[in-house]
Amino acid sequence: MGAEWNAAAATHLYRRAGFGAPLEKIRWAAGAGRDAALDDLFARREHDARLMAGIRPILALEDIAPVQAWWMALILADTAPLVERVALMWHDHFATSDDKVGDARLMHAEIELFREKGLGDFRELLHAVARDPAMLVWLDGNSNRRGQPNENFAREVLELFALGIGHYTERDVREAARAFTGWGVDRRRFVFREQYHDPGPKEILGQRGAFGGDEALDVLLRHPASPRHVAHKLLEEFVGPDPSAERVDEWAGILVECDWNVERTLRRLFESEMFYSGAARRSRISGPVELVAITMITLGAKAPPGEVAEAAGEMGQSLFRPPGVKGWDGGRSWVHAGSWLARHNHLTALAMAHGAEAEGVQVDLAAGLGNPGAPGDVAEAARALLLPDLGDGELFEALRRVASEGVSLDETLRRVTALALTAPEYHLV
Amino acid sequence: MRLTRRSFVLDGLRITALVPLAPRLALAANCRSSRSRGERVLVVVQLTGGNDGLNTVVPHRQDAYFRMRPSIALARGALHALDDDHGLHPEMGALAEVFGAGELAVVHGVGTPVPDRSHFRSLEMWHTADPFAPAGEPAREIGWLGRLADQIAGADPEGTPALSIGGGDLPLSMRGERFLAPTVRDFEGFRLHEASASFARERDALLDAPGAGDLAFLRAAARTTYAAARRMSEISAREEGSGYPESELARELKLVASLVAGDFGTRIFHLSLAGFDTHARQAPVHANLVQQLSAALAAFQHDLARKGIGERVVTFVFSEFGRRAAENGSKGTDHGRGAPVFLMGAPVEGGMHGTPPDLEDLVEGDVRQTADFRGVYALLEAGWMGLEPSTAETAMPLLKG
Amino acid sequence: MNRILAGATCVVLPLAAWTALPRAQADVDSEPDLAALMPESTWIYAEGPGLAGLFAGGLDHPLVARLLGSELGELFLAQAETSPEDALERVEERLGRSPLKALEAMTARGIALGVGYKRGEPVYAIAARGGEPEEMSAVLRDALGWAAEQHGLERSQLIEPHGRIRGAGVWYLGDELTLALEGDLFLASNDEGRLRDMLDLGALEEAAGLASRPGFAEATRGVAGDELAWAWFDLAGLAQVAAEPVKNLRAATGNPGLQFLLGPVFCALGSGEAAYVELELDAERLALDVESFGVAAGVAQSVQLPLDARPPSLPSAKESDGARALVYRDLAGLFRQRTEMFPADVLPKFAEATSTLALFFGGADVTDGILPAISPWLGVIVRPVAFDEGATPDIPLPAAAIVARLEDAGRLGEQMFGAFHTLVGVINVEAAQNMQPQLIPKLELVQADQVLSAHYVEPAPGGGVDLRYNLVPAVALVDDAFVLATHRELAKELVGQLRRGEVEAPAGGGEHLSLEGAAAARVVRDNAEALAMNGVLNEGKTMEQASGEVRALASIADMVERLELFTQRPTAASLRVGLRVDFTERGE
């Protein structure tokens, strides 16, 4: 492991930077080298134009469920994996829920922001998100006026989006709230209502001035805690939980070196030894969306995106509906009795769909696993594709035992795949 | 114009070759967690919409009742007597029998100290047991039953301390800080689908393997899940309760009785019955609902007795507010304040408790609140369940002994 | 989708073949009716006078070629494993003769199917009169020979008759099938006893069997001989032997949902003693008629179509109309009779409905005060409207309106307007709680008539227009005609038509529904993107598949000029339903 570039390393890269890859792609990447794989991931940025255009009638339905299905369709299409991966990350970081916003168009506009600007300059992204109508509605930024500043918005900007806890005081929150007065939403558009703006001088993080909202954001971004907060997010998302303070500082510096450009920073990250180290591999419990997407893309399976989105919801991650301002807590909070049952049943059902007739669902495990010739080859094929880091321990023995139960090749494929997908080892990404 | 979500259909994939688990596997995991056998159970039934207390527990001796409700007042002769002054709605005969057996307590005039006519806000208060928490506070996001579940889960991390029965979202009352109760509509919802009969054996070995960190955590979660699913399937294979009427509430209570009798381990159950927001033409709708409630509760109580677990279960029935004393122009009633709550169970001190409503002494046209709901909670949390209560209110003395 | 295509082909193929053949003259006196060969215990009987023509035709008919060349046909061919020509050729090779010609030979002068029941199991019997006895014999030999090969038997084992009954050669093919051939008469049944009975009946001097059953002649008096197929059902008999499906059919009158949706005639069709169904099909149109006899008296009759009904007139049709209907719904009667008509478990829903309606009428008793004053004849008009600039929905739908005559129109009309106000208010309260746009009421005059409507605030420009902007609800009253429309423009148009006397009195004395194919095709095409996305997101299709299916759907609508459905009540105890589909001209 470590610095060696092989199929396991390629799998690790594709599952983190995108949503996994099917067998031929992994084989190609293993042969073509790390940089070629990175070029592939960073070059694919566009979806089918008709699929993108299809959002227009969907938004007219005023319901979030079809929009959830549409985003899942983009993810499952695997045509712009890095874009969607990063959009999902920002959706969690700048968590906004349709349960309160109640407007599918606004939610879609916010996601489009993450998709368009997610890989660009973070400072630009923050400025744009702060003005995003869905965000303003979500954080009550729409009712923030001189004399009655609403601190909710300012607090979350400081605590969650830009700085993180511990780097500001309550006074900073109040002063920042004053800076944002007058910001609002009118008929789904950002508006600045000058009559509600508090134009007086404010003191935020030790800086004084008659700040408006944008200037306040710039003040925050100049604080050294800012790049560390962003670096922390990137490291948690792409490398592993609880990065050390030194590592966060190091990558904060790199972020600034890259002029806050997320794409360039990520490229460096995916080229670093740290990323391929043993400590980084399979160091996170996979969230539901990434779990279902990685599984489907890896196996080359097809299912109606609406159903896949609902499955992820049943497992605890309903797109556009994070549970609160902090987004999804992730990690161990993904898994408890109810959600493990959902994971188990959905993944088992997917494996069992091989060779069965079902509307819209196509699973060909034989093709997905590289056409193993006989039942005896299935365990190794499943390990190579699904659990490339797995050694010859108990789980692999179990797969081999199941593969030698003496049933048909198709049945062996179903059983071995089901066991592999429902093993806890598979849920570490 | 909100359109409803599609209902989930991946079920269509579960077609061939699904082999049910052999129910008789002796599981190490089963013995490992301290199953809370024989422990006390709390069943909470929420009547959503604001139940009209005055037409449920009718103060028929007060002339004002008939004066203020010319169209919807219930005839004295048809009521089921609870005491000299009050009778139960004519359709609640079954529950009246439970009262006659001394196993139903009626507590008058229960409400929140900060009355609010909004369904959302009132339910929030009852769910969080914190009427005074300001908006945006975390206190508003955790429920009283969830807090109890957290406590139980602290002692038994691999059990399922609370279950929400029925479809729909998890109610706020069931949200804990750590524990998130699963929602189950019926046994099918907790069924485990396996690709092969041999998997159960394989998993037992694999999940028992030593491990560290996240992997160990996942294995433990998986073990809990499989154990719970197997217990569910064992319980469901046994004969279920009989004598229940045909209604969704009755079916759900039947499931609860089976789970308690089968020592599934859950100690807190939440159910709800909706439709009580009777602003217009109240009579037929309310009658239908209270009939369902009464028949289902009575059948549940009989089933518990038959299964020999009557001493272990207390059922608490409440609504987010009562309704105004006078009827409105549409032969219905509007949102009010205080209303009666029911406590049902063999351990309950049956009878009428609290201050009966006085229709000559209303507050803004509503029945006055004479008891704080948190007093009932304190009783149920500490007095019945033996856990830390959510408030410092004095517990109301409603249990035998 | 495949089923639709297969079904469509099964409809089109016979019609195509049928047009190629000159109509057969009915030979009235030469031989007994096939019905006389069926035993009396026959509960379903069908004849296909036009089927021989179907077999004689082929794939070369211009309409078939047009169908196969259309979007629909292309989709079908792309999904089929072999082409129809190849499939027929392969059968011809194995059989030794053209399958279609073989079938034509066997059925040239009629084919009939009878279904009876023995011990709860269905018994089928087929009787066919062919052209030439020798040819029929040869066809049968070839078919049996082929069957023998399929089952690995010697040809000789099957080709010769296994026995004789009354001069007919008889073949016993396992327990499931018995065949007989005598001259130009071919019989088949899955029950040997049945076959014997048929041969016995055939030997009688006088016509007997099913033909002599009382009621059969009356029910089938409409047979002309040029239908494609017709069928007769003994519903009372079937109810006793074939419990489930027929029971459901007969219970339809007790289903409030069906009564409301389909109306009293459709619901009561299955409750008659017997039913007759007739199908005519040619290149220009399809006609399907169903008549039910001996419809039970009882509560259901009280809400039934009146005998000498004179339905009121409706605003005249405009070319752009997508659909028009005149339906008879005695809502007051349904509510009044609910305890007798409907099972106990649905009665609470009635209570709920009246409770909700009362809310809109200020607590008034809807069942006594409002419903009886609304005429049971309700007109429905579906017509596309022009939306306001900037408020054209991204998913545009045609508008719909209900036109109903009111008694005491002055008083009731006011109450309806009041109810509309309340409705708008209720919608707005809920919208406010969910932060959704509000409906703004508007009162306008069309000449001297008031139109009360409500519209949503115009959406912000450039932001897309939601589905809800299809709804601009409106009500109006012109003398005694009350109009409730989903869009103000339609209401205003109808008001104008009513006031100017541009109305049509519908013919037929019963209910009537007509749909324009072009309008349906337009709706499909206008919403092609939305429909395709639904296929992609909810059914897992690819963009190509989904778009192709939407085009096929539009092309099916293109083939229909107009579809009409009507109901009649010929006598107090009989009901009739008819379906007419006019196809578009070739090349359109």
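The values are calculated or read from the model by the stated rules, or taken from the named source; none is laboratory data. From a predicted model like this one, the values you see are computed outputs, not experimental measurements. Glycine gets a Cβ as well: all are built from the backbone with ideal geometry, and neighbour counts include every protein chain shown.
For the criterion of being of a type in the set (S, T, Y) and under 30 Å from C:A432 (Cα atoms), A:T79 fails.
Please go through region B:130-155 and give me each residue that is more than 10 Å from chain A (Cβ to nearest Cβ), surrounded by fewer than 16 Cβ atoms within 10 Å (Cβ to Cβ) and either hydroxyl-bearing (S, T, Y) or in a loop (DSSP other than H, G, I, E, B) (or both), ordered by number. B:F132, B:P134, B:E137 - these are the residues of region B:130-155 that are more than 10 Å from chain A (Cβ to nearest Cβ), surrounded by fewer than 16 Cβ atoms within 10 Å (Cβ to Cβ) and either hydroxyl-bearing (S, T, Y) or in a loop (DSSP other than H, G, I, E, B) (or both).
Residues of region B:238-297 that are surrounded by fewer than 23 Cβ atoms within 10 Å (Cβ to Cβ), of a type in the set (S, T, Y) and away from chain C (no Cβ under 14 Å): B:S242, B:Y244, B:S258, B:S272. On the given criteria, is C:A224 within 23 Å of C:L34 (Cβ to Cβ) and surrounded by fewer than 14 Cβ atoms within 10 Å (Cβ to Cβ)? The answer is yes for C:A224.
Only a single item in (1) within 14 Å of chain C (Cβ to nearest Cβ); (2) over 25 Å from A:V262 (Cβ atoms) is not met by A:G31, and it is number (1).
For region B:263-294, the set of residues classified as within 19 Å of the chain's Cα centre (by Cα), of a type in the set (G, A, S) and either farther than 30 Å from C:A353 by Cα or part of a helix (DSSP H, G or I) (or both) consists of B:G265, B:S294, listed by residue number.
Across region A:167-219, the qualifying residues are those that are among the small types (G, A, S) and free of Cβ contacts under 8 Å to residues at least 40 places away in the same chain, and the one among them that is farthest from A:D132 (Cα to Cα) is A:G206.
In region A:165-220, of all residues being in a strand (DSSP E or B) and not hydrophobic (A, V, I, L, M, F, W, C), the one that is nearest to the other protein chains (Cβ to nearest Cβ) corresponds to A:R189. Scoring C:L494 on the criteria (1) within 19 Å of C:G390 (Cβ to Cβ); (2) crowded, with 19+ Cβ neighbours inside 10 Å leaves a single failure, condition (1). Which of the numbered conditions does A:D392 fail, given that it passes all the others? Conditions: (1) touching a residue at least 12 places away in the same chain (Cβ under 8 Å); (2) of a type outside the set (A, V, I, L, M); (3) under 23 Å from A:I26 (Cα atoms); (4) away from chain C (no Cβ under 14 Å). The failed condition is (1). For region A:298-337, the set of residues classified as farther than 15 Å from A:M72 by Cβ and touching a strand residue (DSSP E or B) at 6+ places or on another chain (Cβ under 7 Å) consists of A:G331, A:R332, A:W334, A:V335, A:H336, listed by residue number. Screening region C:460-486 for residues that are assigned to a loop (DSSP other than H, G, I, E, B) and β-branched (V, I, T) and picking the one that is surrounded by the fewest Cβ atoms within 10 Å (Cβ to Cβ) gives C:T486.
Within region C:306-324, the set of residues being surrounded by 21 or more Cβ atoms within 10 Å (Cβ to Cβ) and either over 24 Å from the mean Cα position of the chain (by Cα) or among the aliphatic types (A, V, I, L, M) (or both) comprises C:L314, C:P315.
Please determine, by comparing only the residues of region C:47-104 that are aliphatic (A, V, I, L, M) and not in a helix (DSSP H, G or I), which one is modelled with the highest pLDDT. Once the filter is applied, the top-ranked residue is C:A80.
For region A:401-429, the candidate set comprises residues that are surrounded by fewer than 23 Cβ atoms within 10 Å (Cβ to Cβ), at the interface with chain B (Cβ under 10 Å from one of its Cβ atoms) and over 17 Å from B:Y226 (Cβ atoms); within that set, the residue that is nearest to the chain's Cα centre (by Cα) is A:L428. Residue check: is B:A346 outside any helix (DSSP H, G or I) and surrounded by fewer than 20 Cβ atoms within 10 Å (Cβ to Cβ)? Taking the combined requirement at face value, the residue satisfies it.
If you go through region A:317-331 one residue at a time, do you hit one that is in a helix (DSSP H, G or I) and either surrounded by fewer than 24 Cβ atoms within 10 Å (Cβ to Cβ) or at pLDDT below 90 (or both)? Yes, some residue in region A:317-331 is in a helix (DSSP H, G or I) and either surrounded by fewer than 24 Cβ atoms within 10 Å (Cβ to Cβ) or at pLDDT below 90 (or both). Residue-level check: of (1) at pLDDT below 95; (2) part of a helix (DSSP H, G or I); (3) of a type in the set (F, W, Y), B:F8 misses just (2).
Do we have any residue at all in region A:225-235 that's among the polar types (S, T, N, Q), over 28 Å from A:L347 (Cβ atoms) and crowded, with 20+ Cβ neighbours inside 10 Å?
Within region A:225-235, one or more residues are among the polar types (S, T, N, Q), over 28 Å from A:L347 (Cβ atoms) and crowded, with 20+ Cβ neighbours inside 10 Å.
Residues of region B:193-230 that are facing chain A (nearest Cβ under 8 Å), over 36 Å from the mean Cα position of the chain (by Cα) and charged (D, E, K, R): B:E202 alone.
If you go through region A:315-332 and keep only what is touching a residue at least 12 places away in the same chain (Cβ under 8 Å) and either more than 24 Å from C:M533 (Cα to Cα) or within 7 Å of another protein chain (Cβ to nearest Cβ) (or both), you end up with A:M315, A:G316, A:P322, A:P323, A:G324, A:V325, A:K326, A:G327, A:W328, A:G330, A:G331, A:R332.
Does A:L385 meet the test of being of a type outside the set (G, A, S), more than 14 Å from chain B (Cβ to nearest Cβ) and touching a Pro at 6+ places or on another chain (Cβ under 9 Å)? Judged against the criteria, A:L385 is a match.
I'm checking my understanding of the structure. Among residues of region A:67-97 that are among the polar types (S, T, N, Q) and surrounded by 24 or more Cβ atoms within 10 Å (Cβ to Cβ), which one is modelled with the highest pLDDT?
Only one residue tops the list, namely A:Q68.
Is there a residue being assigned by TED's automatic domain parsing to the domain that holds C:D479, touching a residue at least 24 places away in the same chain (Cβ under 8 Å) and not polar (S, T, N, Q) anywhere in region C:430-438? The answer is yes, given that some residue of region C:430-438 is assigned by TED's automatic domain parsing to the domain that holds C:D479, touching a residue at least 24 places away in the same chain (Cβ under 8 Å) and not polar (S, T, N, Q).
Residue by residue through region A:336-349, note down the ones that are facing another protein chain (nearest Cβ under 7 Å), hydrophobic (A, V, I, L, M, F, W, C) and either surrounded by fewer than 23 Cβ atoms within 10 Å (Cβ to Cβ) or out of contact with any Leu (no Cβ under 6 Å at 6 or more places or on another chain) (or both).
A:A337, A:W340, A:L341
Close Cβ contacts (under 7 Å, 6 or more residues apart or on different chains) running from residues in region A:251-267 that are basic (K, R) to residues that are surrounded by fewer than 22 Cβ atoms within 10 Å (Cβ to Cβ) comprise A:R264/A:C258; A:R267/A:L38; A:R267/A:F42.
Inside region C:514-584, counting only helices (runs of 4 or more DSSP H) that do not spill past its ends, which hold 2 or more residues that are buried (at least 18 other Cβ atoms within 10 Å of the Cβ) and over 24 Å from the mean Cα position of the chain (by Cα)? Can you show your working first?
Numbers: elements: C:517-526, C:528-539, C:543-559.
Counting at least 2 such residues, we get C:528-539, C:543-559.
Any idea which residue in region B:175-210 is surrounded by the most Cβ atoms within 10 Å (Cβ to Cβ), counting only those that are of a type in the set (S, T, Y) and without any contact (Cβ under 8 Å) to a residue 40 or more places away in the chain? By that ranking, first place goes to B:T183.
Close contacts from region C:548-568, counting a first residue that is over 14 Å from C:A520 (Cβ atoms) and a second that is in a helix (DSSP H, G or I) and modelled with pLDDT of 90 or more, with Cβ to Cβ under 6 Å and a gap of 6+ residues or different chains, come to C:T567/C:V265.
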